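Everything on this sheet refers to the single structure shown next.
The values are calculated or read from the model by the stated rules, or taken from the named source; none is laboratory data. Everything numeric here is computed off the predicted structure, so don't read it as measured data. Quick reminder, even Gly has a Cβ in these numbers, built from the backbone with ideal geometry, and neighbours come from all protein chains shown.
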There are 2 protein chains.
Amino acid sequence: MIQLPQRLELLTDLYELTMAASYFDNELFSPATFSLFIRKYPQDRAYFVAVGQEDVLDLLAQFQFSEDDLAFLDQTGIFSDEFLQFLKDLRFTGNVRAIPEGRIFFANEPILEISAPIIEAQIMETIVINTIHLQTMVASKAARCFHAADGRPLVDFSLRRTHGIDAGLKVARSSYIAGFTGTSNVLAGKLYGIPIFGTMAHSFISSFSDEVEAFRAFARTFPKKTLLLIDTYDTIKGAYNAITVAREMAQRGENLLGVRLDSGDLSHLSKEVRKILDESGLEDVQIFASSGLDEFEITEIIKGNGMIDAFGVGTKLGVSADAPYLDIVYKIVQYNGRPVKKLSSGKVTLAGEKQVFRKTGDDGMFIEDIVGVWGEEINDRKPLLKLVMQGGKRLEKRAPVDAIRQRFLNDFSALAPRYKRLKSPDLFPVRLSDRLQALQKDRFE
Amino acid sequence: MIQLPQRLELLTDLYELTMAASYFDNELFSPATFSLFIRKYPQDRAYFVAVGQEDVLDLLAQFQFSEDDLAFLDQTGIFSDEFLQFLKDLRFTGNVRAIPEGRIFFANEPILEISAPIIEAQIMETIVINTIHLQTMVASKAARCFHAADGRPLVDFSLRRTHGIDAGLKVARSSYIAGFTGTSNVLAGKLYGIPIFGTMAHSFISSFSDEVEAFRAFARTFPKKTLLLIDTYDTIKGAYNAITVAREMAQRGENLLGVRLDSGDLSHLSKEVRKILDESGLEDVQIFASSGLDEFEITEIIKGNGMIDAFGVGTKLGVSADAPYLDIVYKIVQYNGRPVKKLSSGKVTLAGEKQVFRKTGDDGMFIEDIVGVWGEEINDRKPLLKLVMQGGKRLEKRAPVDAIRQRFLNDFSALAPRYKRLKSPDLFPVRLSDRLQALQKDRFE
C-alpha cells in the first residue's frame, strides 16, 4: 500500500532527537526561543507572502509520539529508556507568535517565533521549516504571476509536476491565497473549498476520429461548461471547428464558453483566434491559455497585446522554477532568558524575541518596517506578529481560506509597484528598533 | 487537524474527470495505451534513474473512489448521476509494463506504459506523472552526487527544504536507491528501512555556556556515536576543543568518531582540521561536511584535495535545484488497436506499445538502446520493460529497497563515464527498431 503517514512526529532530522536526548541527559530544560526567518531574497524578489503557519499550529497542538514511533526509536539502539519515556509524555506546551497567513513580509523579519522548553522548541525545527518553506515560496511565486496577469484570472495547473502529493495540495492552497482564482486539483478543491477548473487534454481529441467529433462529444456532455482545446492538430483549423460546434450549440440555445490554447506562440495565436471568433460573432467566447507559463511569459503575452482572458499556470509555479528553495532558517535567539551568542559564520541572526512594526501612509501604502522587541510599542505602527498559541493551545481557529486570501489582496494593494517589479525590484525599507539593536550588543561573547 | 489524505483518487486534475465523463457519455470504452516518458534532458544530463513505479502500482491496485469523494463530486454539480455511479464501480483492470525501479534509462524511452479501457488509463495521468516525476528527478540528481563523491558516503539532509512532507520521504528513498548511504529523515528510516544519521546543530552548541561544555555533554550522552560540529564559533578552535574532548573520551576508553564542518571553505578548512587532528594522533577521527553541497561543490572539494570522509547533501538534492522539473509526459499512443494520430505541436510521441532493448558489451558496459515494439525480439539485446501488472493485479511484490539500490549500482557501473560527466556529457545512443519506425508511418493522418 501507498504509505501516507498519519502522524508526523518522526518526520524530522535525526539530530533533533539526538540533541534532545543530550539536553535531557544533561538536564537542560530551560525555555528557549527559536525564530523562523528568510535570510535573503532569491534573485529579483523583494517580498514574501506568509503561508503555512496554520499547518504548523495544528502540528504543534497534536504533537505526540505514538507507541509505534517509540518502538521504532527504541530498536535503533540510539536512545535510553529514560529518554524514550520522556518522549512518550512529551507534548508541545509553548507559545507561538506568527505573522498571519496571507500577509506580506520581508527578508530577515521573523515569520514565526516559538518559545518553549528547549527540547520542545528544538524538536520542531525540521517540520516547521518544511511546512512554511514550501507554502511561502509558492505563494510568493504565485503573487508574481498575479501581479503580471494584471487582473486576468489565473488557475493552478501544476499538480502533475509538483514535488509529490503534499506539494500538490499545498501549491493549490498557497497560490489561491496569493490571488489565483482556482486550481485543477480536485482534492484541493474538496479539502480547502477552492474553486476547481478543467476541461480536456489533447488525448481526448486524439481518441475521436476527428477534432470536430471530439468537440461535439464534449459539448453534448457539458452543454453549459464547454471550453474547447483547439491546438491538437492546427490551431486555426481548430478555431474554425470550434465555431462549427458553437453554431450547433447556439441552435440548441447553448453557449460555447471558450477555447484553450496550449502550445505555440500564444500571443500571436490568441490574436488570430480572437479575430476569427469575432468575425463569426463569437465575441463572448473567451480565450484561455496554458503551456509553460510563468510571470515572465504572462508579461510578454500582455505586452504583445495577446488576447488572452485567463491563464493556466503549471509546472513553473508548482516548483517555483526560478527559485525552487528559499534561504529559510530556524535559529535559537534566546536561551534561559539570555540573548544567544553571536556565531562565527558571518550570517546574522537577530537575538531576542521580536516583533515587526509596519508604518502605513495616509494613502494606505506600506512605508517602512521596523523589527523591534516583542512587547515594545512604536508610535503610529502596527505590529505584524500575533500571539497565536499559548501554553500549547491555539488561541484562534483556522481562518477561512477566503479571509486569508483577502488579507493577501489587501496587503498586495498596499505594496507599491516598485517593490513588485519582476526584474530588479526596489528593496522595501526594514530597520531595527533601538531596543532591538541594544539587545544585540548585550549578547554575551 | 493537519490533513493527510488517505485516499488519492481525487488527487487529479479536474479535466481527467470531465474527459472521463464525456467518454462515458459518448460510449468510448475501448482500450487505450498511454506512455510515460521524458521528452528531453535538463541541461548537462544524459541519463535518468527510474524510481516511483512501485508507488504507481500500489495506487492503481487500490484505486477506488470513496463515498466521500463521490459526494464531493456530486455537489460540484458538474457530473451526472449515471457517471457518478460508474465512478463508484470503477477499478483499474488494465496492464502495466514498466522499467524496474533503480534502472537507468534515457530520454524518449517509455518508463511505463498503461493499457486499459480509455477511462481507466486516462484518469490515472495526473497521479502517475506526479508519482514518478519527483522520484526519478531526485534519483537522477542523487546519482550525479554519487558519481561526484567517488566512493565517499553521502547522506540525505534535505528534509527541511523539500517541497512538503511527501517529497521529504520520497527524496530519502530515491537518493538511497541512487547510491546514498542514508538519510537524516527518521520517518523515512522507519518506513523504508533506510539507515538514519544525525548528531547536532549549532543551536545545541549555543545552548551551553561554551563549546567544550557542549561537546562534553554530547559525548556523555552518546559515548559510542560522538560526532562533533566544530564550526559554531571558530572552526580551528572548535577542532582543538574536539581534541580536548577526544582525549577525555580516550581516558574513559571511548573514541571520538568524527567532526563536522558546516560553513566556510570546506576544502581548505578540512585540510587544516585534518592536520590538527593528525598531529594529535587522531588519524581515525573522520571529517564530515555539509553546507549547500551538490555534485558540483563535491567535485570542487575533491579536486582541491579536501580531506572530507563523508558528505551531507541537503537542499540542492532535495529540490533538484538546477533542474527542479523534468519534461515528463503521459501521452496516448494507441486507441482501440490503432496507433494514435500525429499531433501538430512538433513534439514527437512514439505511437504504439513499446519495449526498450539494451545492448551490453562483453565487458558488461552498456552500448546502445533500441526502442522497439512490445513483443518483438532483437538479437543479443535484453528488454528493459517488464509486465508488472495484468488485469489490475500486481504480478510481483515490491522488491526490497536494497535490491532496487543494487540494480542502480549495477546499471551505474555499466554506464561509461562519458555519459556521467557533470558538464556536457555525451548522449547515449538510442535508436528506433525498424518495426517501430514502420508503425509511425502507419498512423492515420
Revision key, fill the gap. Out of (1) surrounded by fewer than 19 Cβ atoms within 10 Å (Cβ to Cβ); (2) part of a strand (DSSP E or B), the one A:Val96 does not meet is (1)
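Do you know which residues across segment B:238-248 are out of contact with any Asp or Glu (no Cβ under 7 Å at 6 or more places or on another chain), free of Cβ contacts under 8 Å to residues at least 40 places away in the same chain and closer than 14 Å to B:Ala214 by Cα? Outline the logic, then answer.
Within segment B:238-248, the subset out of contact with any Asp or Glu (no Cβ under 7 Å at 6 or more places or on another chain) is B:239-240, B:242-248.
Still in the running and free of Cβ contacts under 8 Å to residues at least 40 places away in the same chain: B:239-240, B:243-248.
Residues satisfying the conditions are B:Ala239, B:Tyr240, B:Ile243, B:Thr244, B:Val245, B:Ala246, B:Glu248.
Any residue in segment B:384-398 that is more than 18 Å from B:Ser35 (Cα to Cα), assigned to a helix (DSSP H, G or I) and modelled with pLDDT of 95 or more?
Residues of segment B:384-398 that are more than 18 Å from B:Ser35 (Cα to Cα), as a first pass: B:393-398.
This time we only want the ones that are assigned to a helix (DSSP H, G or I), so: none.
No, segment B:384-398 has no match at all.
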Check your understanding: Which residue out of B:Asp231, B:Asp166 is in contact with a helix residue (DSSP H, G or I) (Cβ under 7 Å, 6 or more places away or on another chain), within 11 Å of chain A (Cβ to nearest Cβ) and not in a helix (DSSP H, G or I)?
Key -> B:Asp231
Review point. Here are some residues: A:Lys316, A:Lys303. Which one is without any contact (Cβ under 8 Å) to a residue 12 or more places away in the chain and under 30 Å from A:Ala239 (Cα atoms)?
Key: A:Lys303
**Study point:** Residues (without any contact (Cβ under 8 Å) to a residue 12 or more places away in the chain and in a loop (DSSP other than H, G, I, E, B)) located in segment B:264-291
**Key:** B:Asp265, B:Gly281, B:Glu283
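From the set of residues in segment B:115-134 that are touching a Gly at 6+ places or on another chain (Cβ under 8 Å) and closer than 22 Å to B:Val430 by Cβ, which is surrounded by the fewest Cβ atoms within 10 Å (Cβ to Cβ)?
B:Ile132
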**Study point:** Number of the condition not met by A:Arg418 [criteria: (1) in a helix (DSSP H, G or I); (2) over 21 Å from A:Val49 (Cβ atoms); (3) free of Cβ contacts under 8 Å to residues at least 12 places away in the same chain]
**Key:** (2)
Point to revise | Total residues in segment B:211-228, condition more than 9 Å from chain A (Cβ to nearest Cβ), not in a helix (DSSP H, G or I) and not hydroxyl-bearing (Ser, Thr, Tyr) | key: 4
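Can you spot a residue in segment B:124-144 that is among the small types (Gly, Ala, Ser) and more than 10 Å from the chain's Cα centre (by Cα)?
Checked segment B:124-144: no residue is among the small types (Gly, Ala, Ser) and more than 10 Å from the chain's Cα centre (by Cα).
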Practice item. Would you please list the contacts, defined by Cβ atoms under 6 Å and residues six or more apart or on different chains, that run from a residue in segment A:137-159 that is free of Cβ contacts under 8 Å to residues at least 40 places away in the same chain and of a type in the set (Gly, Ala, Ser) to a residue that is surrounded by 24 or more Cβ atoms within 10 Å (Cβ to Cβ) and part of a helix (DSSP H, G or I)? Key: none
Exercise for review: Looking at (1) closer than 16 Å to A:Val259 by Cα; (2) in a helix (DSSP H, G or I); (3) more than 8 Å from chain B (Cβ to nearest Cβ), find the lone condition where A:Ala139 falls short.
Suggested key: (1)
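Taking into account only those residues within segment A:172-199 that are at the interface with another protein chain (Cβ under 8 Å from one of its Cβ atoms) and touching a residue at least 40 places away in the same chain (Cβ under 8 Å), which is surrounded by the most Cβ atoms within 10 Å (Cβ to Cβ)? If you could, list the steps in order and put the result at the bottom.
Filtering segment A:172-199 for residues at the interface with another protein chain (Cβ under 8 Å from one of its Cβ atoms) gives A:184-187, A:189-191, A:196-199.
Filter again for touching a residue at least 40 places away in the same chain (Cβ under 8 Å), leaving A:184, A:197, A:199.
Values: A:Ser184: 27, A:Phe197: 24, A:Thr199: 24.
Step by step, filter segment A:172-199, then rank; the result is A:Ser184.
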Review point. Take the residues of segment B:152-163 that are part of a loop (DSSP other than H, G, I, E, B) and buried (at least 24 other Cβ atoms within 10 Å of the Cβ): which is farthest from the other protein chains (Cβ to nearest Cβ)?
Key: B:Ser158
Practice item. Please verify whether segment A:57-65 includes one or more residues that are crowded, with 20+ Cβ neighbours inside 10 Å, closer than 30 Å to A:Phe180 by Cα, in contact (Cβ under 8 Å) with a residue 40 or more places away in the chain and more than 8 Å from chain B (Cβ to nearest Cβ). Key: yes
Check your understanding: Going by the structure shown, is A:Gly238 at pLDDT 95 or above and within 14 Å of another protein chain (Cβ to nearest Cβ)?
Key -> yes
Point to revise | Flag for B:Arg144 being outside the structural domain of B:Thr299 (by TED's automatic domain parsing), within 27 Å of A:Ser320 (Cα to Cα) and assigned to a helix (DSSP H, G or I) | key: yes
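So, A:Val329, is that one within 11 Å of another protein chain (Cβ to nearest Cβ) and over 26 Å from A:Asp426 (Cα atoms) or not?
Numbers: within 11 Å of another protein chain (Cβ to nearest Cβ): yes; over 26 Å from A:Asp426 (Cα atoms): no.
In short, no.
Please tell me if B:Ala116 is farther than 23 Å from A:Thr315 by Cβ, free of Cβ contacts under 8 Å to residues at least 60 places away in the same chain and within 14 Å of another protein chain (Cβ to nearest Cβ). Spell out how you get there, then give the answer.
Details: farther than 23 Å from A:Thr315 by Cβ: yes; free of Cβ contacts under 8 Å to residues at least 60 places away in the same chain: no; within 14 Å of another protein chain (Cβ to nearest Cβ): yes.
Against the criterion (farther than 23 Å from A:Thr315 by Cβ, free of Cβ contacts under 8 Å to residues at least 60 places away in the same chain and within 14 Å of another protein chain (Cβ to nearest Cβ)), B:Ala116 does not qualify.
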**Study point:** Checking B:Glu254 against (1) within 13 Å of chain A (Cβ to nearest Cβ); (2) under 21 Å from A:Phe79 (Cα atoms), the condition it does not meet
**Key:** (1)
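Find the residue count for segment B:14-55, including only residues that are under 21 Å from B:Ala116 (Cα atoms), touching a strand residue (DSSP E or B) at 6+ places or on another chain (Cβ under 7 Å) and surrounded by 19 or more Cβ atoms within 10 Å (Cβ to Cβ).
Step one: list which residues in segment B:14-55 are under 21 Å from B:Ala116 (Cα atoms), which gives B:14-37, B:52-55.
Add one more test, that the residue is touching a strand residue (DSSP E or B) at 6+ places or on another chain (Cβ under 7 Å), and what stays is B:14, B:29-37, B:53.
Restricting the remaining residues to those that are surrounded by 19 or more Cβ atoms within 10 Å (Cβ to Cβ) gives B:14, B:32-37, B:53.
Within segment B:14-55, residues that are under 21 Å from B:Ala116 (Cα atoms), touching a strand residue (DSSP E or B) at 6+ places or on another chain (Cβ under 7 Å) and surrounded by 19 or more Cβ atoms within 10 Å (Cβ to Cβ) number 8.
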Revision key, fill the gap. Among the residues of segment A:292-348, the number that are surrounded by fewer than 19 Cβ atoms within 10 Å (Cβ to Cβ), in a loop (DSSP other than H, G, I, E, B) and polar (S, T, N, Q) is 4
Exercise for review: May I ask you to verify whether A:His133 is farther than 23 Å from B:Ala20 by Cα, within 11 Å of chain B (Cβ to nearest Cβ) and not in a helix (DSSP H, G or I)?
Suggested key: no
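Check A:Phe63, A:Phe37, A:Phe106, A:Phe48 and return the single one that is assigned by TED's automatic domain parsing to the domain that holds A:Asp411, among the aromatic types (Phe, Trp, Tyr) and in contact with a helix residue (DSSP H, G or I) (Cβ under 6 Å, 6 or more places away or on another chain). Walk me through how you get there before you give the answer.
On the way: A:Phe63 fails: in contact with a helix residue (DSSP H, G or I) (Cβ under 6 Å, 6 or more places away or on another chain); A:Phe37 fails: in contact with a helix residue (DSSP H, G or I) (Cβ under 6 Å, 6 or more places away or on another chain); A:Phe106 fails: in contact with a helix residue (DSSP H, G or I) (Cβ under 6 Å, 6 or more places away or on another chain).
Result: A:Phe48 is the single residue among A:Phe63, A:Phe37, A:Phe106, A:Phe48 that is assigned by TED's automatic domain parsing to the domain that holds A:Asp411, among the aromatic types (Phe, Trp, Tyr) and in contact with a helix residue (DSSP H, G or I) (Cβ under 6 Å, 6 or more places away or on another chain).
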